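Below is one structure; the comments refer to it alone.
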Amino acid sequence: MASTSSDRKPVPDRAEHDAWFPSPYSLTQYVSPKTNFDGVDHPNAYKGGKWRILTIATQERYLQMANGEFFSTGNHPVETLLPILHLDAAGFEVDIATVSGDPVKLEMWAFPKEDEAIKKIFEKYKPKLRQPLNLDRVWDDGFTKDTPYIGIFIPGGHGALNDIPSSPTVGKILRWADANRRYVISLCHGPAALLAADVDKPEGTKFIYSGYKIDVFPDALDSGANIDIGYIPGKMTWLVGEELRKLGVIPINKEITGETHRDRYLLTGDSPLASNNLGKLAVRTILDELPNYS
């Protein structure tokens, strides 16, 4: 699609001063009317009723850029809803929480308007998205080996960079998951949440994800093309891959192709394109290994 310079300018968000939605041109590059969802096939779907999935989403709409302006963002709807669709269809109850307990913010400009499967799962989970759990109250006095969360799912979207990576409670949950062989599932900008595992960690302990390989949204796009095409309204104050590398995490993808990767109990994907693949990987992995859990 040919574009003019005006097509590449971010669009003002009328609800906030100096806040911007992605440019019209950038949406033609990143947003499709349908996803690559090709159905569910989980013949060994879970029927036990014990194990659940905890989704940690963001309640933050605005990400401040280095120039002081705001990107009007949130969680990406496809990255959020398509993995949930697979987990739900596989028989798992999916809880949704935010750090504050305030409603989940979604990038509705990225919603696939012609995708009936996404519309259906959105309607099913809309009450939980509108009235999520408060993560501190979910954690309460801490999780134990008997806490019934078999997986922690953290979707992406630039909004996930606001509150989740610096949350002590997210850090506690990730360290609990690591110690208790629970799965952590994330994609695109969601793996920024791994930084929380370094927040208030016990003195003398190492960062639990040091040496892990992951798929994640490439820094090169956030520092280059995303600015050039007006997807984001300026340079970011920090880059996900760069910060994770400082702690020993190894991003392995250079582009966004829908790639997913498993390293121990950490399952990651590179972008919205990986949403369907990651949902399938998570379900297949958990269902196959569930007999190892009492």
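The values are calculated or read from the model by the stated rules, or taken from the named source; none is laboratory data. Every value quoted in this text rests on a predicted model; they were computed, and no experiment measured them. Positions of Cβ are backbone-derived with ideal geometry, glycine not excepted, and every protein chain shown enters the neighbour counts. All accessible areas refer to the heavy atoms of the entire protein, side chains included, with ligands and DNA or RNA removed. Shrake-Rupley method; radii C 1.70, N 1.55, O 1.52, S 1.80 Å.
Which value, in Å², gives the accessible area per residue of the chain when a 1.4 Å probe is used on the protein heavy atoms?
That works out to 44 Å² per residue.
Dividing the Cα radius of gyration by the Kirkwood radius, what Rg/Rh value follows for segment 150-294?
Reported Rg/Rh (Cα atoms, Kirkwood Rh): 0.97.
Magnitude of the Cβ-charge dipole of the chain, K/R +1 and D/E -1, about the Cα centre, nearest 20 debye?
Charge dipole, the chain, about its Cα centre: 560 debye, nearest 20.
Apply the Karplus parameterisation 6.51 cos²θ - 1.76 cosθ + 1.60, with θ equal to phi minus 60°, to every residue of segment 141-157 and state each ³J(HN,Hα) to the nearest whole Hz, in sequence, with x for glycine and proline.
For segment 141-157, the Karplus-derived couplings read 8, x, 8, 10, 5, 9, 4, x, 8, 7, x, 10, 10, 10, x, x, x Hz, x marking Gly and Pro.
Can you pull out the trypsin sites (Lys or Arg not before Pro) in segment 55-128 that DSSP calls coil and that have at most 12 other Cβ atoms within 10 Å?
Qualifying residues, ordered by number: K113.
Check E93: other-chain or 5+ apart residues with amide H under 5 Å from its amide H, H built from backbone geometry?
Sorted by chain and number, the residues that satisfy this are I53.
So what J values fall out for segment 36-47 if you push phi through Karplus, 6.51 cos²θ - 1.76 cosθ + 1.60 with θ = phi - 60°, rounded to Hz, Gly and Pro as x?
Karplus-based 3J(HN,Hα) across segment 36-47 equals 8, 4, 10, x, 10, 9, 10, x, 9, 3, 6, 10 Hz.
Please list, in order along segment 249-265, the HN-Hα scalar couplings obtained from phi with the Karplus expression 6.51 cos²θ - 1.76 cosθ + 1.60 (θ = phi - 60°), rounded to whole Hz, x for Gly and Pro.
With the stated coefficients, segment 249-265 comes to 7, 10, x, 10, 8, 9, 10, 10, 10, x, 5, 10, 8, 10, 10, 6, 9 Hz.
Mind telling me which of P127, P77, P202 comes out most flexible in a GNM of the chain, alpha-carbon contacts under 10 Å?
P202
Identify which of L195, L174, L27 has the largest mean-square fluctuation in a Gaussian network model of the chain, with springs joining Cα atoms closer than 10 Å.
L27
Would you tell me the accessible area of H17, worked out with a 1.4 angstrom probe on the heavy atoms of the protein chains, in Å² to the nearest 10?
140
What does DSSP give for the chain in terms of the percent of beta bridges that are antiparallel, rounded to the nearest 5?
25
Once Lys and Arg get +1 and Asp and Glu get -1 on their Cβ, which of G101, A66, Y149 lies farthest toward the positive end of the dipole of segment 15-162?
Y149
Are there any GluC sites (Glu not before Pro) in segment 76-128 that are in a DSSP loop and have at most 12 other Cβ atoms within 10 Å? List them by number.
Hits after loop and neighbour filter: E114.
List the residues, sorted by chain then number, that are 5 or more residues from E60 or on another chain and whose placed amide H is less than 5 Å from its amide H.
Hits under the 5 Å cutoff: K105.
Go through segment 256-294 and name the trypsin sites (Lys or Arg not before Pro) that are in a DSSP coil and have 16 or fewer other Cβ atoms within 10 Å of their Cβ.
Taking segment 256-294 and a limit of 16 other Cβ atoms within 10 Å, the loop trypsin sites (Lys or Arg not before Pro) found are R264.
In degrees between 0 and 90, to the nearest 10, how far off the longest principal axis of the chain does helix 116-130 point, with axes built from Cα atoms?
80
Kindly give the semi-axes, whole Å and largest first, of the ellipsoid equivalent to segment 1-137, taking each as the square root of 5 times a Cα gyration tensor eigenvalue.
Details: eigenvalues 194, 86, 19 Å².
Working through the eigenvalues yields semi-axes of 31, 21, 10 Å.
Rounding to the nearest 10 and keeping the result within 0 to 90°, find how far the Cα-based axis of helix 77-89 lies from the longest principal axis of the chain.
Helix 77-89 sits roughly 30 degrees off the main axis of the chain.
Would you mind telling me which residue in T237, T260, T169 has the biggest mean-square fluctuation in a Gaussian network model of the chain, where springs connect alpha carbons within a distance under 10 angstrom?
Answer for the Gaussian network model of the chain: T237.
Which residues' amide hydrogens lie under 5 Å from the amide hydrogen of F153, considering only partners 5 or more residues apart or on another chain, with H built in the peptide plane?
L54, T55, I56, I185
Can you send over the carbon and sulfur percentage of the accessible area for the chain, probe radius 1.4 Å, protein chains only?
49
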